[in-house]
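Trainee: For reference, the structure I am asking about is given below.
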Amino acid sequence: MDAAAITLGGPPATPARSRRRQRREAAIEAAITLVALTGIAAVALIFVFVAKEALPLLLDPAVRGEASLSKLFLPQLLRVGKPEGFMWQPVSTIPKVSMIPLFIGTLKTTIVAMLVAVPVGVAAALFSAEFAPRRVREVVKPVIELLAGIPSVVLGFFALMVLASVLQGAFGFTFRLNAVVAGLALAVTVVPVVFTVSEDALTAVPRSYREASLALGATRWETAWRVVLPAAAPGVLAAVVLGFGRAIGETMIVLMASGNAAITSWSFGDSVRTLSATIAAEMGEVVFGGAHYSILFFIGVELFLFTFVLNTAAGAIVHRLVRRMTASDA
Amino acid sequence: MVRSLLLAAALVAPALSFAGNTTVKGSDTMVVLAQRWAEAWMKQQPSKKVQVTGGGSGTGIAALINGTTDVATVSRTMKADEKAKLEARGATPVETAVARDGVAVYVNSANPVESLTVEQLRGIYLGDVTNWKQVGGKDAPIVIYSRENSSGTYVFVKEHVLKGEDFAPQAQTLPGTAAVVNAVSKEKNGIGYGGGAYARGVKELRVDGIAPTKEAVLSGKYPLSRPLFVYTKGAPAGEVKEFIDFCLSQAGQKIVTDVGYFPVK
């Protein structure tokens with residue numbers, strides 16, 4: 001790098017100058033490293049703080065009596081004379097703190113959001129990168145990216161007031177606010193994430209791939225679907241993972257549009273209560289240090305772990321995909 | 001959603017409060033009332049500042065325990081464990097009744113049901129009664145709306161209607177009475193509950209045959225009526241006392257009526 005810097009101009013290098021330059025570069029390098037480390041440290045410290053607040057669940061006997069791991073994850077007696085089940089009723093004479101209905105709720109809204117957002121986002125990216133004339137593309141791209149800028153409260157409000165009534169009219173849901181309403185509203189926030197990242201991945205596929213494919217007689221559609229999309233697969237996968245992270249962590253929309261009933265059922269027409277909405281709805285009321293307080297932080301730890309595991313797994317898959325593709329290139 | 005914003009405001013409010021201010025925090029049911037009191041009080045005494053935030057009765061008491069508010073507005077009596085936590089920090093809670101409220105039960109205006117007994121309400125909210133025809137209505141599923149568990153109204157209904165048992169899991173919990181009223185007005189099979197001051201665009205049911213009228217609530221004949229309290233750490237003194245005295249004054253009690261609750265004096 002030094003050699004390049006010298007040939008690029010500047011006064012002729014003397015040993016003193018070159019040493020000064022080296023020192024300066026070292027300082028810049030250190031500063032950049034520091035900035036990067038600050039980011040990592042922030043994430044680590046947040047995790048440590050959240051985990052620390054959740055720790056009484058494992059250590060404090062008083063808290064454990066109210067919320068042991070079996071109470072969090074195994075079926076419990078709910079009412080005398082009724083079968084055991086899962087229930088989230090943390091404010092009660094006997095608090096019921098099962099995580100299962102919250103997991104199911106989060107899963108249901110996320111599934112709906114992903115089922116809608118991934119096809120739409122990837123298809124829009126494929127259209128924008130491969131088919132759209134430049135003028136159309138210059139409109140489509142910023143408009144979809146603008147979706148990401150809509151505040152989630154506004155989307156939630158729209159889903160609550162308009163979308164819920166429209167969907168109830170169309171599908172006859174018993175519950176006006178349900179997993180489908182919340183999931184569709186979530187999809188609106190996920191689409192721009194999936195679109196932007198996949199579009200970048202698709203445009204990054206070298207031109208020579210397309211030229212080779214077309215030269216071999218493939219149509220534009222075949223080229224896009226069988227050559228460009230597979231070549232961009234790692235990027236598209238990363239887009240899906242990012243979108244998933246957005247969907248699972250989004251709070252305001254689900255708080256407003258999901259009905260917040262912690263029901264243990266697989267029907268998508270039922271109301272749901274998600275992990276993130278539970279934290280938002282209940283954090284204002286808990287007394288510091290109580291069992292309920294620790295459980296809410298424990299939910300935070302779970303959300304953190306979900307995204308972490310998912311990102312790591314996706315990272316590994318992307319790495320393998322890239323290696324396989326570059327190997328077959330050679 | 002206004003309530004969620006208030007909740008967010010309640011979370012950051014302690015950092016903003018400074019000396020010379022009286023902070024009032026707690027019941028969502030009482031937030032409008034407390035705000036009106038504060039406005040009228042500050043108009044009368046321009047040098048005094050009163051900050052009002054909602055978040056729920058539980059939030060108010062938690063703030064009183066944590067020392068981040070001077071006055072907690074609470075729409076139920078304080079629980080034993082809350083009292084114990086406060087006493088563990090060397091303070092005795094002092095309760096002052098400032099108004100009375102009837103918890104109204106709402107159904108959609110199109111619902112033919114006019115009256116329910118407390119026992120029927122209990123069945124509905126426990127999830128044992130799931131169809132309107134079981135309580136004299138149409139053959140349609142009952143869609144239950146409830147409040148977040150930080151709400152004083154939630155605790156009131158849990159204690160007075162459910163006798164301490166848990167709400168059915170399919171009860172949808174909404175942030176704020178206004179949200180419940182809005183949901184019931186849009187859901188023809190819906191049922192919800194909340195402070196009487198909010199009932200607009202929905203039908204208020206008679207409970208045990210008694211409508212939540214002023215006389216019935218004041219006399220306690222209406223089964224779902226309750227006092228509204230303010231709590232302080234120890235006997236109120238200084239500016240806090242002046243403010244509470246104002247709430248109990250003729251002008252303060254007139255505001256109670258204006259907001260839709262019932263005066264205690």
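Trainee: Considering the dipole of the protein assembly as shown built from charges on the beta carbon (Lys and Arg +1, Asp and Glu -1) around the Cα centre, which of A:Ala36, A:Trp88, B:Trp132 is farthest to its positive end?
Mentor: It is A:Ala36.
Trainee: Span-like helices, chain A: DSSP H, alpha-carbon axial extent 15 Å or more, mean Kyte-Doolittle 0.0 or greater, which ones?
Mentor: Passing helices, by number: A:15-54, A:100-126, A:134-147, A:179-203, A:233-249, A:291-329.
Trainee: Now for a separate question. Going by amide H atoms built from the backbone, whose H comes under 5 Å of the H on B:Val50, apart from near neighbours?
Mentor: Long-range HN contacts for B:Val50: B:Thr22.
Trainee: Quick one: the Cα spread of the range B:104-211 along its three principal axes, in angstroms, biggest first?
Mentor: Result for the range B:104-211: principal-axis Cα extents of 33, 27, 26 Å.
Trainee: What is chain A's relative contact order, in percent, from Cα pairs under 8 angstrom and six or more apart in sequence?
Mentor: 23 percent
Trainee: While we're here: Going Cα to Cα from B:Lys83, which lysines come in below 19 Å? Please leave out same-chain ones fewer than 8 positions away.
Mentor: Of all the lysines, those that pass the test against B:Lys83 - Cα under 19 Å, at least 8 places apart if same chain - are B:Lys25, B:Lys233.
Trainee: Could I ask something else about it? So what's the angle, to the nearest 10 degrees on a 0 to 90 scale, between helix B:2-16 and the longest Cα principal axis of chain B?
Mentor: 20 degrees
Trainee: A further question on this structure: For each of B:Met42, B:Met30, count neighbouring Cβ atoms within 10 Å of the residue's Cβ, then give the residues from fewest to most.
Mentor: Details: B:Met42 14, B:Met30 30.
Exposure proxy ranking, most exposed first: B:Met42, B:Met30.
Trainee: Just going by the charge dipole of the protein assembly as shown, with Lys and Arg at +1 and Asp and Glu at -1 on Cβ, which of A:Pro75, A:Gly183, B:Gly102 is farthest out on the positive end?
Mentor: A:Gly183
Trainee: Whole-Hz Karplus ³J(HN,Hα) for the range A:75-90, in order, using 6.51 cos²θ - 1.76 cosθ + 1.60 and θ = phi - 60°, x for Gly and Pro?
Mentor: After applying 6.51 cos²θ - 1.76 cosθ + 1.60, I find x, 10, 5, 9, 9, 4, x, 10, x, 5, x, 10, 8, 10, 9, x Hz.
Trainee: How far is helix B:250-259 tilted off the main Cα axis of chain B, in degrees rounded to 10, range 0 to 90?
Mentor: Tilt relative to chain B: about 30 degrees.
Trainee: State to the nearest 20 debye the size of the charge dipole of the range A:1-138 about its Cα centre, where the only charges are +1 on K and R beta carbons and -1 on D and E beta carbons.
Mentor: On the way: 16 positive and 9 negative charges, 70 e Å.
Rounded to the nearest 20 debye, it is 340 debye.
Trainee: Continuing with this model, one more query. Reachable lysines from B:Lys203, Cα under 23 Å, same-chain residues fewer than 8 places away excluded?
Mentor: B:Lys133, B:Lys138, B:Lys158, B:Lys186, B:Lys188, B:Lys214, B:Lys221
Trainee: For A:Ser276, B:Ser109, A:Ser165, B:Ser75, which order do you get if you count the other beta carbons within 10 Å of each Cβ and list the fewest first?
Mentor: Working: A:Ser276 23, B:Ser109 11, A:Ser165 14, B:Ser75 26.
Sorted ascending by nearby Cβ count, the order is B:Ser109, A:Ser165, A:Ser276, B:Ser75.
Trainee: What is the dipole size for the protein assembly as shown, taken about its Cα centre, with +1 at each Lys and Arg Cβ and -1 at each Asp and Glu Cβ, in debye to the nearest 20?
Mentor: Numbers: 57 positive and 44 negative charges, 167 e Å.
So the magnitude is around 800 debye.
Trainee: Could you tell me whether chain A comes out rounded, prolate or oblate from its Cα gyration tensor? Rule is a ≥ b ≥ c as square roots of the eigenvalues, rounded for a/c under 1.5, then prolate if a/b exceeds b/c, otherwise oblate.
Mentor: The shape class here is oblate.
Trainee: Using every pair of alpha-carbon atoms in the protein assembly as shown, split the distances into 20 Å bins beginning at 0 and state the percent of pairs per bin, rounded to integers.
Mentor: All Cα pairs, binned at 20 Å, distribute as 17, 43, 27, 10, 2, 0 percent.
Trainee: Roughly what angle does helix B:177-186 make with the longest principal axis of chain B, taking Cα atoms, 0 to 90 degrees, to the nearest 10?
Mentor: The two axes meet at around 20 degrees.
Trainee: Which order results if B:Trp132, A:Trp225, B:Trp37 are arranged by neighbouring Cβ count within 10 Å, fewest first?
Mentor: Values: B:Trp132 21, A:Trp225 14, B:Trp37 26.
In order of increasing Cβ crowding within 10 Å: A:Trp225, B:Trp132, B:Trp37.
Trainee: Where both partners of a DSSP beta bridge lie in the protein assembly as shown, what percent of those bridges are antiparallel, to the nearest 5?
Mentor: Within the protein assembly as shown, antiparallel bridges account for around 65 percent of the total.
Trainee: In deg cm²/dmol and to the nearest 500, what is the mean residue ellipticity at 222 nm of the protein assembly as shown if only DSSP H runs of at least 4 residues count, each as -39500 (n - 2.57), divided by the residue total?
Mentor: Dividing the helical sum by the residues of the protein assembly as shown leaves -17000 deg cm²/dmol.
Trainee: Give, rounded to the nearest 20 debye, the magnitude of the charge dipole that chain B has about its Cα centre when Lys and Arg contribute +1 at Cβ and Asp and Glu contribute -1 at Cβ. Can you show the working numbers first?
Mentor: On the way: 30 positive and 24 negative charges, 74 e Å.
The calculation lands at about 360 debye.
Trainee: Averaged across the residues of A:262-274, what count of C-beta atoms belonging to other chains lies within 10 Å of each residue's C-beta?
Mentor: 2
Here, each number is a calculation from the coordinates, and none is a lab measurement. Quick caveat, the model's predicted, so the values are computed rather than measured. Here Cβ is always computed from backbone atoms with ideal geometry, including for glycine, and neighbour counts include all displayed protein chains.
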